[in-house]
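The values are calculated or read from the model by the stated rules, or taken from the named source; none is laboratory data. The shown structure was predicted, so the numbers you read here are calculated from the model rather than taken from an experiment. Virtual Cβ from ideal backbone geometry, glycine too; neighbours counted across all protein chains shown.
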Amino acid sequence: MTAPVDPSLVERFRDRFTGYTKAFGQSVVRDPSDTGKMKARSWTVSGAPSSESFQKHLEGDGAGLGVVMLCEDETLRFGAIDYDDRSLHHINAAKEIAARNLPLVLCRSKSGGGHFYCFTKEPVSAALMKQRLTEWCALLGFAVTTEIFPKQTTRYNDADIGSWINLPYYQAAETTRYAFDDDGNQLSLEEFLDVADSRALTGAELAAYEIGSASSLFADGPPCLQMLEARGGFAEGSKKNGMFDIGVYLLKARPETWESDLPKYNDVMVQIQPDELVQITKSLRKKSDANDGKGYSYQCKQPPINAFCNRALCLTRAHGIGRTAESQVSIENLTRYQSKYGDDSFWIVQIGGQRILLTTADMYHVDRFNIACMSQANVIPILSVTPQKWKAYLNELISRADVIQLPDDATPTGQVWEQIEAFCTQQVPGLSREDVWQGKTWFEGGRTYFRSKDLFAYLEAKRVKFKSETWVWNLLSEHGGQKAFWNINKRGVNVWNVPAFAGREEQSGEQPEVGAVHEEF
């Protein structure tokens, strides 16, 4: 923990990172992995982060703070490009932001990559923020190792919390998560807030922000090629692949003149050697003649265009990737919500700005996926795909899914445990051990004792659903529960006990004769 942070800076920091008020994230950094990336234990907490939470974050007191930027009304006050690659050259990146006049503030992330923040002066549409950040991400060439926050632009319901992002300036006085100015110099917390305020946009300014002139070479073509055109062409080592992708564009856009146009594009964008251009032309011609110009597709996963990908926008372009079996659906975000107790996961996908709730079985079977989408969003996204291709697509998609651990009180098991806590703490306690015969609880030695039949009667009265009595006993065991046998006034009774919940004080009173043997569940 470092020296206290000025409360006025805490409030400015809190205001700048205003977000969702029903949940937030916390994270504790552990030792680095074999790759050098910092590992962390992270969890989601119900409720709004308090001023104290922000102060503890800035002072390095305990867990770091994460904010869900998507507010309840589906607006937000900030967004971020998360470049998760430790090879990022922060100083060069900061200078490129300035050179391209982008309204971003670069902060070093806890993993050593970068968070490129965009701040606003007022609540703005989450969809607009995501659109702009996706464009800027492609312009910077960060598409391969980057995530865009907000990941969700709408919510399905309150259980659909959304992804949160770790905030900068943890342990501010000695932080490694600092911001950079235009020249790549490290900024103090106060300097960061001043820069963030100066670059904050109104909603109208964000909507009107231009990143350059319209493409003159790739009309209605893939955004990646347009971005590379704006950057001045292809770098060394990527020119052959780049020329091939230009050829694919020309086959789609100018099927009658593509071959004669290819050298002109080479002069402007690539400048590969004549013999190399001849080889590429032959390869394109061979496939074009056999398949009416439809044989080749863009090399979306290969450099150079993979770094400048904007897939959702590309799907809308007449000469973009097109809706093949593998690209019929543009899933903008996939979130898996899971419980630490092992409750069944549920999934929420975002398609066309709409959030759709799915079970694991809905995800696995393409017909059930379509039915869920039609039911909830009035769309059938998958028109024709084999089960094998769907599973392969899912396998890739799931590997990139956001995994969010639900707060305990948002899971079925967590809700049962809350009722067990209420049973142990909110009833009138017994005055002696003998009172367990009357259905009361007894607190002693830091543990709460009760009969299992009384617990189940309480859960039934509260209409709490649980799988079985054995399942409840296993839940108690996971929380340190034990069983014991008491001999009270020559009467034997089996009792269960768990570590006492906060707020219970040691009970005193007459304690009848006891013969107790504690056992683990």
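Here are a few things to note about the model shown:
- Number of the condition not met by Asp454 [criteria: (1) closer than 13 Å to Val493 by Cα; (2) in contact with a strand residue (DSSP E or B) (Cβ under 7 Å, 6 or more places away or on another chain)]: (2)
- Residue tally, condition assigned to a helix (DSSP H, G or I) and among the aliphatic types (A, V, I, L, M), over the range 404-426: 4
- Of the numbered criteria (1) at pLDDT 95 or above; (2) outside any loop (DSSP other than H, G, I, E, B), the one Thr44 fails is (1).
- Neighbours by Cβ (under 7 Å, 6+ apart or cross-chain): first from the range 131-149, among the aromatic types (Phe, Trp, Tyr); second in a strand (DSSP E or B) and crowded, with 21+ Cβ neighbours inside 10 Å: Trp136/Ile81; Phe142/Ile81; Phe142/Tyr83; Phe149/Gly79; Phe149/Ala80; Phe149/Asp82; Phe149/Ile165
- Qualifying residues in the range 200-239 (those that are more than 32 Å from the chain's Cα centre (by Cα) and among the hydroxyl-bearing types (Ser, Thr, Tyr)) - the one nearest to Gln302 (Cα to Cα): Ser215
- Residues of the range 151-175 classified as of a type outside the set (A, V, I, L, M, F, W, C) and over 22 Å from the mean Cα position of the chain (by Cα), total: 3
- Residue in the range 94-105 that is surrounded by fewer than 18 Cβ atoms within 10 Å (Cβ to Cβ) and over 16 Å from Arg199 (Cβ atoms) present: no
- The range 422-433 residues that are in contact (Cβ under 8 Å) with a residue 60 or more places away in the chain, paired with ones that are part of a loop (DSSP other than H, G, I, E, B) and of a type in the set (Val, Ile, Thr) (beta carbon under 7 Å, 6 or more apart): Cys424/Thr441; Pro429/Thr441; Gly430/Thr441; Arg433/Val514
- Scanning the range 140-153 for residues that are surrounded by fewer than 22 Cβ atoms within 10 Å (Cβ to Cβ), in contact with a Phe, Trp or Tyr (Cβ under 8 Å, 6 or more places away or on another chain) and not small (Gly, Ala, Ser) gives a single hit, Thr145.
- Of all residues in the range 343-361, at least one satisfies being in a helix (DSSP H, G or I) and either at pLDDT 90 or above or of a type outside the set (Gly, Ala, Ser) (or both).
- Count of residues meeting criterion [surrounded by 15 or more Cβ atoms within 10 Å (Cβ to Cβ), modelled with pLDDT under 75 and not hydroxyl-bearing (Ser, Thr, Tyr)] in the range 288-324: 2
- Within the range 398-410, the residues that satisfy the criterion of being surrounded by 14 or more Cβ atoms within 10 Å (Cβ to Cβ), out of contact with any helix residue (DSSP H, G or I) (no Cβ under 9 Å at 6 or more places or on another chain) and either under 20 Å from Phe149 (Cα atoms) or of a type outside the set (A, V, I, L, M, F, W, C) (or both) are Ala401, Asp402, Ile404, Gln405.
- Single residue of the range 64-108 satisfying the filter (modelled with pLDDT of 95 or more, under 16 Å from Ile165 (Cβ atoms) and outside any strand (DSSP E or B)) that is nearest to the chain's Cα centre (by Cα): Val68
- Residues of the range 237-257 satisfying the condition of being without any contact (Cβ under 8 Å) to a residue 24 or more places away in the chain and either crowded, with 22+ Cβ neighbours inside 10 Å or in contact with a Gly (Cβ under 6 Å, 6 or more places away or on another chain) (or both): Leu250
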